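*Asks:* Mind having a look at this structure? Questions to follow.
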Amino acid sequence: MKSGVVVLMAGVIFALLCLFPPSANAMPTNATLRLPDVVIIGVRKGGTRALLEMLSLHRDIVAAQRELHFFDWDSHYQRGVDWYASQMPLAGPGQLTVEKTPAYFTSSRVPERLLGALPSARLLLIVREPVERLLSDYTQVFQHRLEKHKPQQTLETLLMRHGRLNLDYRALNRSLYHEHLQRWLRLVPRARLHLVDGDALIRDPLPEMRKVEEFLQLEPQINAHNFYFNQTKGFFCLRERRRERCLHTSKGRKHPHLAPEILHKLYDYFHEPNQKFFQLAGRTFDWK
Ligand code: A3P
């Protein structure tokens, strides 16, 4: 090959590497498919995607991008753990593999199945103030139904029955964290489960991420440079080397207005369950 061509090709490769630098989590050659070392079990609308994306900023983390629903969907569970491992991304030695499926936290069949298949996995649970989470949950279902041209119901209709809170409303039940956590703690030692404060992660992600790094015994790598506040989105976005990105538009939706008297009913209702949750969790959260 002529030396001019070689120089030209080297120049093109150099330019491509500058334009598209390999990600921080570039794969070593001896990478393998493995079952998850870490599972983000929920809670739905707690900020699970933000947590996964922020954790992926760490070089020693490789995360499945899709929610795998292995333990909560029978059709997936019946395919066996080899199928589960095949859905995970390639990971090098020393890297931790992460999966997130927020439905795991509230599904009664999951703890036993998960502990059976992943006896030493570490679990992350991100929670948010329960009323805020409920509003977010409603908004997501509303949006999905809108996209599928299905009829809508107002939040008031779903929440209220004969002047009282409708305790059968699933979005309300999903915010009863103590009930779900209790089920998990029957099988999982508390030390294997780390709680992330989803409201704090929204306000200031770095301190929450530092605690996650510590829990996972990762070298501290995630730093202030990885985050910048985007005024238009109204949330922190991520910076990895020179690439900047915000979460998808489905994250950070506007919530519906709820009449103050219904909001008060909700705050009253959650007061006691929240205390029970704090007791189980061994810590408190700054909730109304
Ligand atoms: P809203 O869309 O109701 O605001 P999940 O990923 O578990 O579905 O959670 C979605 C929630 O993550 C969003 O709920 C949003 O509030 C929260 N979130 C936390 N950090 C975020 C970030 N940096 N960008 C966008 N949304 C974030």
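The values are calculated or read from the model by the stated rules, or taken from the named source; none is laboratory data. Treat the numbers as computed from the prediction; the structure is a model and nothing was measured. Glycine gets a Cβ as well: all are built from the backbone with ideal geometry, and neighbour counts include every protein chain shown. Heads up: the accessible areas ignore ligands, DNA and RNA and are worked out on the full protein's heavy atoms, side chains in. Shrake-Rupley method; radii C 1.70, N 1.55, O 1.52, S 1.80 Å.
*Asks:* Quick one: helix 205-215 against the long Cα principal axis of the chain, what's the angle to the nearest 10°, folded into 0 to 90?
*Replies:* 80
*Asks:* Helix 260-281: angle to the longest alpha-carbon principal axis of the chain, degrees 0 to 90, nearest 10?
*Replies:* 70
*Asks:* Calculate what fraction, in whole %, of the accessible area of the chain sits on carbon and sulfur atoms when a 1.4 Å probe is rolled over the protein chains. Could the numbers behind the result be given before it?
*Replies:* Values: 8550 of 15470 Å².
Accessible surface attributable to carbon and sulfur in the chain totals 55 percent.
*Asks:* When only C-alpha pairs under 8 Å and at least 6 residues apart count, what is the relative contact order of the chain, in percent? Walk me through the numbers on the way to the answer.
*Replies:* Numbers: 382 pairs, mean separation 55.6, N = 288.
RCO, the chain: 19 percent.
*Asks:* Please go through the residue pairs K45/K233; K150/K251; K45/K251 and name each one whose alpha carbons sit more than 19 Å apart in this structure.
*Replies:* Working: K45/K233 17 Å; K150/K251 21 Å; K45/K251 9 Å.
Over 19 Å apart, Cα to Cα: K150/K251.
*Asks:* Sort 194-203, 82-91 for me by packing, meaning the mean count of neighbouring Cβ atoms within 10 Å per residue, highest on top. Numbers along the way, then the final one.
*Replies:* On the way: 194-203: 19.1, 82-91: 16.1.
By packing density, highest mean first, the sequence is 194-203, 82-91.
*Asks:* Okay, moving on. Net charge within 14 Å of E240 by Cβ-Cβ distance, Lys/Arg positive one each and Asp/Glu negative one each, not counting E240 itself? Could the numbers behind the result be given before it?
*Replies:* On the way: positive: R59, R239, R241, R242, R243, R245; negative: E53, E244.
Result for the local shell: +4.
*Asks:* Now, a different point. Accessible area per residue, 1.4 Å probe, Å², for the chain: what's the number? Mind showing how you got there, number by number?
*Replies:* Details: 15470 Å² over 288 residues.
On a per-residue basis, the chain sits at 54 Å².
*Asks:* Follow-up. Give the relative contact order (percent, whole number) for region 56-117; include only Cα pairs under 8 Å separated by 6+ residues.
*Replies:* 44
*Asks:* What does a probe at A31 reach in region 63-99, counting residues whose amide N is under 17 Å from the point 7 Å along Cα→Cβ?
*Replies:* Within reach of a label on A31: 63-66, 85-99.
*Asks:* Next up: With just the Cα atoms defining each centre, how far is region 43-111 from region 179-203? Give it in Å.
*Replies:* Centre-to-centre (Cα) distance: 16 Å.
*Asks:* Taking the chain as a Gaussian network, where each spring joins two C-alpha atoms under 10 Å apart, which residue of R253, R122, R239 fluctuates the most?
*Replies:* Judging by the Gaussian network model, the answer is R253.
*Asks:* Testing the spin-label approximation: label points 7 Å from Cα along Cα→Cβ at R203 and Q231. State their distance in nm.
*Replies:* Computed distance between label sites R203 and Q231 equals 2.3 nm.
*Asks:* Also: Kindly work out what percent of the DSSP beta bridges joining two residues of region 27-281 are antiparallel, to the nearest 5.
*Replies:* On the way: 11 of 26 bridges.
Within region 27-281, antiparallel bridges account for around 40 percent of the total.
*Asks:* Still on this structure, I have one more. Taking the simple approach of a point 7 Å from Cα along Cα-to-Cβ for both E240 and T157, what is their distance in nm?
*Replies:* Computed distance between label sites E240 and T157 equals 4.2 nm.
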